[in-house]
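Every number here is computed from the coordinates shown, using simple stated rules; none is lab data. Remember, it's a predicted structure, so these values are computed and weren't measured experimentally. No Cβ is skipped: glycine too gets one built from the backbone with ideal geometry, and neighbour counts run over all protein chains shown.
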Amino acid sequence: MTMKKAMFQEKAQVVSNTAVAQNYYRMSLLSPMVAAEARPGQFIEVQVSQSGEPLLRRPFGVHAVNQRKQTVDILYEVRGKGTQALSEKKPGDFCDILGPLGNGFSIQNARCSILVAGGMGVAPLAYLAEKLARDKFSEQKAKNLVLIGCKTKRHIMCKKELEKFGYAVKISTDDGSLGFKGYVTDLLEKVLRVTRYKLPVTIYACGPKPMLKEVSRIAREKNISAQLSLEEHMACGIGACLGCVVKTTNGYKRVCKDGPVFEAGSLVW
Ligand code: FES
């Protein structure tokens with residue numbers, strides 16, 4: 001998708017690290033070089049503890065960039081030792097980070113952009129949403145929509161900031177505690193059925209694999225272009241271990257290096 005970009009290693013200072021929902025945190029890191037280069041859909045690898053335990057870096061999609069403050073934000077869920085250690089970081093602490101990594105979204109001149117987020121998939125899509133709003137909305141009388149799917153209403157994030165960017169935001173929850181009851185892909189089908197949208201439409205999606213597979217099917221059936229950001233497990237994050245390969249119409253590709261964003265039609269499920 002996008003061209004290969006420069007990659008940096010920085011000792012990034014934690015500016016803030018706050019809880020934003022049940023078990024979810026937003027961390028802002030002072031990182032001038034990464035902030036200058038990071039594009040929507042790219043990610044950073046963060047060494048979660050300086051003592052080396054846990055050893056591996058963890059990948060996080062770039063959630064926001066503030067060029068003036070030279071900060072890069074990530075959004076994360078506390079799920080194990082690594083993210084627990086990250087949640088304990090205080091402003092002034094340092095994190096060793098590597099990035100920006102991977103190939104991000106290719107921003108299309110669509111009349112209508114539909115962003116589809118499953119769970120934590122909203123993290124990188126929020127940065128894309130901001131870019132699209134800034135660069136594209138003024139040029140087009142666009143109808144732009146974000147669909148966020150979560151387990152319950154307690155897990156919903158970023159709704160207000162996406163609305164501030166000018167999007168209509170629709171929610172689906174598995175338990176029906178807010179918005180549409182069911183999967184976000186069912187909501188997508190419903191939206192495409194009832195909304196009058198003007199072609200060309202582009203779907204940008206990020207979330208668990210089964211969700212992305214469904215998005216891919218829907219896009220194919222409706223003849224809509226779609227870009228999918230895969231949340232594959234990553235070890236090295238820099239293309240060396242081959243631990244993240246996926247099958248594509250052009251052979252096996254590394255999610256961390258060749259992705260994480262792929263054209264929906266190029267993936268073999
Ligand atoms: Fe090692 Fe992708 S995580 S090659």
Practice item. Could you work out the relative contact order of region 11-75, using alpha carbon pairs under 8 angstrom and six or more residues apart, expressed as a whole percent? Key: 33
Point to revise | Out-of-range pairs (alpha-carbon distance over 27 Å; input 190/247; 143/222; 131/247) | key: 190/247; 131/247
Point to revise | Cysteines without a disulfide-compatible neighbour (Cβ-Cβ under 4.7 Å), the chain | key: 95, 112, 150, 158, 206, 244, 256
Exercise for review: Please work out whether the chain counts as rounded, prolate or oblate from its C-alpha gyration tensor, where a ≥ b ≥ c are the square roots of the eigenvalues and a/c under 1.5 means rounded, while otherwise a/b larger than b/c means prolate and anything else oblate?
Suggested key: prolate
**Study point:** Relative frequency of Cα-Cα separations exceeding 20 Å in region 118-188, percent
**Key:** 28
Review point. Given charges of +1 on the Cβ of Lys and Arg and -1 on the Cβ of Asp and Glu, with all other atoms neutral, how large is the dipole of the chain about its Cα centre, in debye to the nearest 20?
Key: 740
**Study point:** aspartates and glutamates with Cα under 19 Å of residue 153, excluding same-chain neighbours fewer than 8 positions away
**Key:** 77, 161, 163, 174, 175, 186
Practice item. Using Cα pairs closer than 8 Å and at least 6 residues apart in sequence, work out the relative contact order for the chain, in percent. Key: 18
Review point. Pairing the Cα long axis of helix 209-222 with the longest principal axis of the chain, what angle in degrees results, from 0 to 90 and rounded to the nearest 10?
Key: 30
Practice item. For region 162-213, calculate the relative contact order in percent as a whole number, restricting contacts to Cα pairs under 8 Å that are 6 or more residues apart. Key: 18
